[in-house]
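The values are calculated or read from the model by the stated rules, or taken from the named source; none is laboratory data. What you see is a predicted model, and the numbers here were worked out from it, not measured in a lab. Ideal geometry is used to build each Cβ from the backbone, glycine not excepted, and the neighbour counts take in all protein chains shown.
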Amino acid sequence: MEHAAANSLGAKALPFVEQIEAIDRELETLTGEHMARCKAKREEKKTIYGEAKDAGLGTRPLKGIVKQRKLQRKIEAIPADFDIDESATYRELAETLGPLGAAAAARAGYGDDGDLRPEFLKRQERERGPDPLDAALS
């Protein structure tokens, strides 16, 4: 939020982004209702994951990779049809609003020191001390 306030373009765009995200959440609900009718394909997918497990692959890591690849394709497709001006505006907004999750983390009070991790993770790292591998690579 701090980044958006510092930039008038970001401050102007943020309310629209939030409204569109609310509509997207509603669309996801409708999509979920539709997917409930797609049981046969979900069963087919479940069978494939079972075959992967039988072949010695962990299903959670495999699902993570499938999800990551799907999200990456969506991210890469976002600016594909923009003209030059839209592309420049998109890049500026992306830089202004920050990476995914950064704005929410800042609103929740994380990241005052530039580190968006929750305090318990920072504390664990401090208690563990310096990583000898990091020192060896320096």
_For the list (1) among the aliphatic types (A, V, I, L, M); (2) surrounded by 10 or more Cβ atoms within 10 Å (Cβ to Cβ); (3) at pLDDT 90 or above, I need the number of the one condition that residue 55 fails._
(2)
*Could you please tell me which pairs satisfy a Cβ distance under 7 Å, a separation of 6+ or placement on different chains, a first residue in the range 5-24 that is in contact (Cβ under 8 Å) with a residue 60 or more places away in the chain and within 10 Å of residue 96 (Cβ to Cβ), and a second residue that is of a type in the set (Ser, Thr, Tyr) and surrounded by 14 or more Cβ atoms within 10 Å (Cβ to Cβ)?*
7/96; 9/96; 10/96
*Among what's in the range 1-39 and is in contact with a helix residue (DSSP H, G or I) (Cβ under 7 Å, 6 or more places away or on another chain) and of a type outside the set (A, V, I, L, M), pick the residue that is modelled with the highest pLDDT.*
10
*Check 96, 89 and return the single one that is in contact with a helix residue (DSSP H, G or I) (Cβ under 7 Å, 6 or more places away or on another chain), surrounded by 10 or more Cβ atoms within 10 Å (Cβ to Cβ), of a type in the set (S, T, N, Q) and under 30 Å from residue 115 (Cα atoms).*
96
*What residue, among those in the range 61-85 that are among the charged types (D, E, K, R) and more than 14 Å from the chain's Cα centre (by Cα), is farthest from residue 45 (Cα to Cα)?*
85
*Out of the residues in the range 26-46 that are in a helix (DSSP H, G or I) and of a type in the set (A, V, I, L, M), state the one that is nearest to the chain's Cα centre (by Cα).*
27
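Yes or no, residue by residue, for (1) modelled with pLDDT of 95 or more; (2) within 18 Å of the chain's Cα centre (by Cα); (3) within 22 Å of residue 17 (Cβ to Cβ):
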residue	(1), (2), (3)
48	yes, no, no
59	no, no, no
95	no, yes, yes
102	no, yes, yes
123	no, no, no
*Pair list, Cβ under 8 Å, 6 or more apart: the range 63-74 residue closer than 15 Å to residue 48 by Cβ, other residue among the β-branched types (Val, Ile, Thr) and assigned to a helix (DSSP H, G or I)*: none
